[in-house]
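The values are calculated or read from the model by the stated rules, or taken from the named source; none is laboratory data. Keep in mind it's a predicted model, so treat the numbers as computed, not measured. For the accessible areas, the whole protein counts, side chains as well, though only heavy atoms, and no ligand, DNA or RNA atoms are used. Shrake-Rupley method; radii C 1.70, N 1.55, O 1.52, S 1.80 Å.
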Amino acid sequence: MFIPKSNRIAVFTYLFKEGVCVVKKDTVTPTHPNIEGATNLEVMMLMKSLQSRGYVKITFSWQHSYCYLLPEGIEYLRTYLALPAEAVPATHKKSSGRPDAGGEEMGGGKFGGEGKPAFRGGGDREYRPRDGGFGRGGGGGM
């Protein structure tokens, strides 16, 4: 299938920027929802071509193809798009980490004042009295 170079570059740029691409198995959709200018059929065929060369791993589920860029594919797209070596997809970037948990130290959150979880015993309300009851271990003497 012939795919215009502008559409091929748009698809490859999106795939390199995100690191993943989702393609619905719908050949008549005029456009792909995330990529400007390319049809859904063109994106499907490009992903299938990249998979046959070993650059992309495709997982198919519920009429959607989930395409994951492999390390070989990153190198191929870097050379094809003439990108610098320090450019990496969004899925390979390190996250900044979790924010500091300063609110829990002040006695807020799910912990009580003594550092024990509030749902453990000793709260101001008891859900079941310990004396009496029915059934096993209820202690209801007759």
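The fraction of accessible area contributed by carbon and sulfur in the stretch 39-84 is 61 percent, rounded to a whole number (1.4 Å probe; ligands and nucleic acids excluded).
From the alpha carbon centroid of the stretch 7-48 to that of the stretch 54-70 is 12 Å.
Can you list the residues, at least 5 places off or on another chain, whose amide H is less than 5 Å from the amide H of K24, using H built in the peptide plane? For K24, the qualifying residues are S65. Residue pairs exceeding 24 angstrom between C-alpha atoms, taken from K5/K93; K48/K94; K24/K48; K24/K93; K25/K57; K17/K94: K5/K93; K48/K94; K24/K93. In this structure the amide hydrogen of V56, modeled in the peptide plane, comes within under 5 Å of the amide hydrogens of Q51, L70, none closer than 5 places in sequence on its chain.
Indicate the gyration tensor shape class of the stretch 36-77 (rounded, prolate or oblate), computed on the Cα atoms with a ≥ b ≥ c the square roots of the eigenvalues: a/c under 1.5 is rounded; otherwise a/b larger than b/c is prolate and the rest oblate.
It comes out oblate by the Cα gyration axes.
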